[in-house]
Amino acid sequence: MTISSLDRAPGGQHPSTGAAPRGRSPRRDTGEPRRGRLIAALGTLPFFAFIGLFLVAPVAITVAGAFTNADGAFTLENFAALGQEQYVNAFMNSLTLSAVTAIIGGVLGLVLGWALMTATRPAALHRLVTSLAAVASQMGGPPLAFAFIAFMGTQGLLTVWLQGAFGFELNQVLPISSFWAIVLAYLYFQVPLMALLSLSALHGVRREWQDGGMSLGAGRVRILATITLPILAPSLVGGVLLLFANAFSGYAAAYAMAGSGANLVPILIGFFLSGNVLVNQGLASALITGMIVVMVVAMGARALLLRRSARWQQ
């Protein structure tokens, strides 16, 4: 007579013999999976400690300081002070500088990235340009400012040569401390950075997408407009947003070239840190908090765009 599953003892054992059913072994909790998860969690502690110590804690302290007055009480006066003309102009100048360098650098960098992907001959020149792009994308600060001052400053090589050869006063048309001179300096690292960012996106364009469009009678221009650019758009816009954030947080190059003449948010914060102006930690924290908001918005939008572009590159 067959014993149904309802006649089995708890745990799947036979009611008469107490043995486990054939083909099944009793489950034993050896604790190994739990121990493995514990060891894996302990391995992540240095990472989270680093993030908490150097990222979360400074941001939390800064944001808290923006809502605190000199007596330690809660206040909104620091953010109200950001409505003054000097600080409004500083944010507008920083946003304009970042947007201009991001757009121009994005277009030129895309062209350079396309050239690096398609023109692989001669191989030595391709490797040289790629290496120079990698180095230039990380160059900034005082070395970059000194290079531009030595090249197009008041006594720069280009300035002296143009004055002697043609009587052209470059420094009067494009002073080294002007907005467009800082734009040129920022483009020196924005263009190669965009070229490197666009390379991965360009390599993700599959040949079969173009072949499919051509088999349906589409020309190269239509394929570029209807297939290639829509697929690349999230990655390219994400790269431009990264350039925007990169320029918005820049400090040393602009300060070395223009000093206090450049009314930018990072330079104002530097004045508070160096004590060149009246010390107001609450106002400095409010400026930094404003920068954090701009950076979070830019990087959050880039993360969403990259998540969308990843679906096409899988």
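The values are calculated or read from the model by the stated rules, or taken from the named source; none is laboratory data. All figures in this text were calculated on a predicted structure; none of them were measured in a lab. FYI the Cβ positions are ideal-geometry reconstructions off the backbone, even for glycines, and counts take in every protein chain you see.
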### Task
Quick one: which helices (runs of 4 or more DSSP H) lie wholly within segment 167-232 and hold at least 2 residues that are in contact (Cβ under 8 Å) with a residue 24 or more places away in the chain?
179-203
### Task
Restrict the check to segment 261-278 and report whether at least one residue is hydroxyl-bearing (S, T, Y) and not in a helix (DSSP H, G or I).
no
### Summary
Of the residues in segment 79-122, those that are under 20 Å from the mean Cα position of the chain (by Cα) and small (G, A, S) come to S94, S98, A99, A102, G105, G106, G109, G113
### Query
When only residues in segment 266-293 that are at pLDDT 85 or above and over 19 Å from E85 (Cα atoms) count, which is surrounded by the fewest Cβ atoms within 10 Å (Cβ to Cβ)?
V293
### Task
Would you please name the residue that is farthest from the chain's Cα centre (by Cα), looking only at residues in segment 217-254 that are hydroxyl-bearing (S, T, Y) and surrounded by fewer than 21 Cβ atoms within 10 Å (Cβ to Cβ)?
T226
### Task
Would you point out which residue out of A102, A90 is outside the structural domain of L193 (by TED's automatic domain parsing) and either surrounded by 14 or more Cβ atoms within 10 Å (Cβ to Cβ) or part of a loop (DSSP other than H, G, I, E, B) (or both)?
A90
### Message
I'm checking my understanding of the structure. Among residues of segment 148-161 that are touching a residue at least 12 places away in the same chain (Cβ under 8 Å) and part of a helix (DSSP H, G or I), which one is farthest from G239 (Cα to Cα)?
### Response
T159
### Query
Can you tell me which residue in segment 68-87 is farthest from I292 (Cα to Cα), limited to those that are free of Cβ contacts under 8 Å to residues at least 12 places away in the same chain and assigned to a loop (DSSP other than H, G, I, E, B)?
D71
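Being more than 28 Å from the chain's Cα centre (by Cα) and closer than 30 Å to L268 by Cβ is the requirement here; does L76 meet it? Walk me through how you get there before you give the answer.
Details: more than 28 Å from the chain's Cα centre (by Cα): yes; closer than 30 Å to L268 by Cβ: yes.
Taking the combined requirement at face value, the residue satisfies it.
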